[in-house]
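As structure tokens, the structure follows; a few thoughts come after it.
The values are calculated or read from the model by the stated rules, or taken from the named source; none is laboratory data. Keep in mind that this is a model prediction, so the values were computed, not measured. As a convention, Cβ positions derive from the backbone with ideal geometry for all residues, glycine included, and neighbour counts pool all protein chains shown. Heads up: the accessible areas ignore ligands, DNA and RNA and are worked out on the full protein's heavy atoms, side chains in. Shrake-Rupley method; radii C 1.70, N 1.55, O 1.52, S 1.80 Å.
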Amino acid sequence: MSIQYSASRMDAAQMQQLAEQYKAQLLKLSEELVQYDKTLQLPGSFTYKGLSLEQIAALSKEYGEVEDVYRLSPMQQGLYYHALSDPKSHAYFEQFGYGLKGELDIARLEEAYRTLIARHGVLRTVFRNDLAEEPLQVVLKEGIIDFRVEDIRDQVENEQQIYIKSLKEADKDEGFDLSSGPLVRLIIVQQSDNRFYQIWSNHHLNLDGWSTNAVLYEFDVLYKSLINNQSTILPTLEPYSRYIAWLDGIDHQKSRLYWNQYLSDYDSKALLPFDREDVTQHTEYIPKDYEFWLSEELSNNLNAIAQKEKTTLNTIVQSAWGILLSRYNNTQDVVFGSVVSGRPSELKGIQEMIGIFINTVPQRIRYTDQTTFSELLQSTQQSFILGEPHHHLNLAEIQHESELGTNLIDHLVVFENYPISGQSDATNSEEQTSQQAQLSIEGETVEVFEQMNYDFTLMAAPEDRLFFRMKYNGAKYSEGFIKRLEGQWKQLLGEIAKSTQTTITEYEILTQEEKTYLLETLNDTKADYPKDKTIVDLFEEQVKLTPENIALKFKDKELTYRELNEQSNQLAHYLIKHYTIQPDDLVGIELERSEWMVIGILAIIKSGGAYVPIDPEYPEQRKEFIKDQLLMFPAQGVHDDLPDSLSYIDQLAVTTYFEEDQEDEWQPLDVISGI
């Protein structure tokens, strides 16, 4: 070591003294470090460099030695937000249960499980939102092992099944403490000397589907090697932190610009409409699964199309779903959520890396009257290629670039490149036996639980035939609707299989059974009505017959025939008085579903006009089109103190407001109408 100094300001003796003191301090420090039996961790020891020495010391005190600290991936950020927002929700809790028959060495199974946890940092990870301005994940050096054994051999078969079912529900309710860990759990239930039930649970925060399959495969390999007294050498994998570090190099501004252009001019949310009448905003989520396979012939035909068009089954599924969704929304431009793999090909070892890489991005499908399905496939494929470099942006950032914001995506489409049915590969027969371990999986007992945060998700997987699982909220969708959706989906895919050169608008999505129901059964409404009476005449006759009977009910609001007649008369007189309505004049009415919609319709008919219904959810462009077709009358003024139960809409609407005057009679306060 040498010291350079200014001779005009310091002399050699001073420098010699400084060097000797510095040397003594270094020797003392080195002697202390030799005797220090713990790893000394500094801010630079981790992938994330922003922790203080005090924070590192606190983490070490709480968890023991920390292996690494790093940011969350885009998908993890979204999942973590949902987990903190609703801690009791089962969303993104994953559970895989199945029966085992044969000899099971529980001690060696636990040893294999401990080895698995030690091998993968993501299985030793906890999440914290109090260390920095953004949430961080902390990888512990020593994993927390949650391995449980339940012995129910003293129970009869029926009692055992009830116990296992309740145990699985309790496992879901227990969930995971994201800041304490662990985020993975294994429960073994012993039913007899040679029958067991295994429950594997983990949070989606640390594993995606591909990684879960890989981890379970390694678990099986480790256990078999212990049972057979064989050594096994699993390949060395790149740590998940490499992927997080790669994410830090993304040009977020460039990706935001891409999504801004991709979503430009899209202003109407594409919905898969609810079909339950009792849907409310606060209804509890009721997770339901509906599964089905395509026929072997149809599956083969779709595979042939993918080969011919030089594309993938995923592209076919995404394009076809966009067509079906477009029919439901009466448009040729729709957006839904698509889950992408998120594994960047340029990152070394990415295909074998364990963690969560998937991300949700918008998938936009649009076409014209002249577009063929073949052309749509090429357009979708090209769009995917151009968008792939930008698939790593957080969904919240993508939504920020859209006019719709958080209302951009209604539901998801997920295409998995591994079996998800639980009835193929290892479980495609009643029992799949491992000769080495003398253990078999009872295929009929396989159950998978995974709850999404969306009310509907379409999952697809290319197994021996194309398999689909519709995960839906039973509080929003009925099983009848889901079955009809299955029929329409199969019908559309069958149309595509017949010809990809047909224009998309020519495809038929209704099954013959549904056509018969809609055209014949629902239209079998023949009844004799007086030819010399109008609907107003018939309604007022009913008013005279049963004036105090309930005519209209909406939520907790009820109107008798007399009340409905009086209020519709008042609005009708108001329209006649203020506007010179002629027979068959068109009056626009835009109201949410309520009693006011019925009052408004009756009033318009009584005034001599014809009503034009306008859905408040219509895109602004469609509302403007309707407005152009109507002769608009100016508003009479807007009241600033309106009842909360009523809502002001816009100039296309007939919005009625009533308030009591001094004579305690209901009078129309304000009407905004288009005629």
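When +1 charges are put on Lys and Arg Cβ atoms and -1 charges on Asp and Glu Cβ atoms, the dipole computed for the chain relative to its Cα centre reaches about 2320 debye. The amide H of Asp68, built 1.01 Å from its N in the peptide plane, has Val139 as neighbours under 5 Å, considering only residues 5 or more places off or on other chains.
Computed over the stretch 534-598, the convex hull of the alpha-carbon atoms projects to a mean area of 5.1 nm².
As I understand it, the dipole of the chain uses +1 on the Cβ of Lys and Arg and -1 on the Cβ of Asp and Glu, about the Cα centre. Which of Ser594, Ser180, Phe292 lies farthest toward its positive end? The residue sitting most towards the positive pole is Ser180.
Excluding same-chain pairs closer than 8 in sequence, count the lysine pairs in the stretch 1-139 whose Cα atoms lie under 23 Å apart. Eligible lysine pairs with Cα atoms under 23 Å apart amount to 4. Amide H contacts of Thr445: Gly99, each under 5 Å away and 5 or more positions distant or on a separate chain (H built 1.01 Å from N in the peptide plane; Pro and chain starts excluded).
Loop-resident GluC sites (Glu not before Pro) (DSSP state other than H, G, I, E or B) in the stretch 313-391 with no more than 16 further Cβ atoms inside 10 Å of their Cβ: Glu346, Glu352.
Computed from label points 7 Å out along Cα-Cβ, the spacing between Asp464 and Glu65 is 4.9 nm. Within the same chain, aspartates and glutamates fewer than 8 places from Lys308 are excluded, and of the rest, those with a Cα less than 15 Å from its Cα are Glu375. Peptides 402-408, 246-252, 566-572, ordered by how many other C-beta atoms sit within 10 Å of their residues on average, highest first, read 566-572, 402-408, 246-252.
Other residues whose C-beta falls under 14 angstrom from the C-beta of Val335 contribute a net charge of -3, scoring Lys and Arg +1 and Asp and Glu -1.
The residues of the stretch 1-97 expose on average 71 square angstrom of accessible surface per residue, using a 1.4 Å probe on protein heavy atoms. Amide H contacts for Leu552 (H built 1.01 Å from N in the peptide plane; partners 5 or more residues away or on another chain; cut-off under 5 Å): Leu559. Here Ser180 and Asp584 are evaluated by their C-beta separation; at R0 = 51 Å the FRET efficiency comes out at 0.15.
Each Lys or Arg adds one and each Asp or Glu subtracts one; over the other residues with Cβ under 10 Å from the Cβ of Leu347, this totals +1. What net charge do the residues around Leu136 carry, taking every other residue with its C-beta under 15 Å from that of Leu136, with Lys and Arg at +1 and Asp and Glu at -1? Summing Lys and Arg as +1 and Asp and Glu as -1 gives -3.
Using a probe radius of 1.4 angstrom, the carbon and sulfur fraction of the accessible surface of the chain is 48%. Residues Leu302, Leu271, ordered by accessible area of protein heavy atoms at a 1.4 angstrom probe radius and largest first, appear as Leu271, Leu302.
The antiparallel fraction among DSSP beta bridges confined to the chain stands at about 80%. Short-range pairs are left out: with C-alpha atoms under 8 Å and at least six residues apart, the relative contact order of the stretch 1-120 is 13 percent.
Here the simple spin-label model places points 7 Å from the Cα toward Cβ, and for Gln261 and Asp105 these points are separated by 6.1 nm.
Only one of [x] 59, 36, 27; [y] 47, 28, 23; [z] 56, 45, 21 was calculated from the structure for semi-axes √(5λ) of the Cα gyration tensor in Å, and its label is [x]. Taking every C-alpha pair closer than 8 Å and separated by at least 6 residues, the mean separation divided by the residue count of the chain gives a relative contact order of 12 percent. Simple spin-label estimate for Lys348 and Ile144 gives 3.4 nm between the two label positions (7 Å along the Cα-to-Cβ direction from each Cα). Over the stretch 476-565, accessible surface divided per residue gives 66 Å², non-protein components excluded, 1.4 Å probe. At full extension, Asp275 and Glu134 could sit 46.8 nm farther apart than now, given 0.36 nm per residue minus the alpha carbon distance.
Give Lys577/Lys606; Lys172/Lys224; Lys168/Lys476; Lys476/Lys557 a once-over and call out the pairs whose C-alpha atoms are over 18 Å from each other.
Correct reply: Lys172/Lys224; Lys168/Lys476; Lys476/Lys557.
Think of a 1.4 Å ball rolled over the protein heavy atoms: the stretch 283-415 then has 43 Å² of accessible area per residue. For the stretch 432-530, the dipole from Cβ point charges (+1 on Lys and Arg, -1 on Asp and Glu) about the Cα centre works out to 180 debye, to the nearest 20. Phi angles across the stretch 142-150 convert, under the Karplus curve 6.51 cos²θ - 1.76 cosθ + 1.60 with θ = phi - 60°, into 3J(HN,Hα) values of 10, x, 8, 8, 10, 10, 10, 10, 10 Hz, Gly and Pro given as x.
What size of dipole, in debye to the nearest 20, comes out for the stretch 96-216 about its Cα centre when the only charges are +1 on Lys and Arg C-beta atoms and -1 on Asp and Glu C-beta atoms? It works out to roughly 340 debye.
Our coupling estimate for the stretch 129-135, obtained by passing each phi through the Karplus curve with A = 6.51, B = -1.76, C = 1.60 and θ = phi - 60°, is 10, 10, 9, 8, 6, 10, x Hz, Gly and Pro reported as x.
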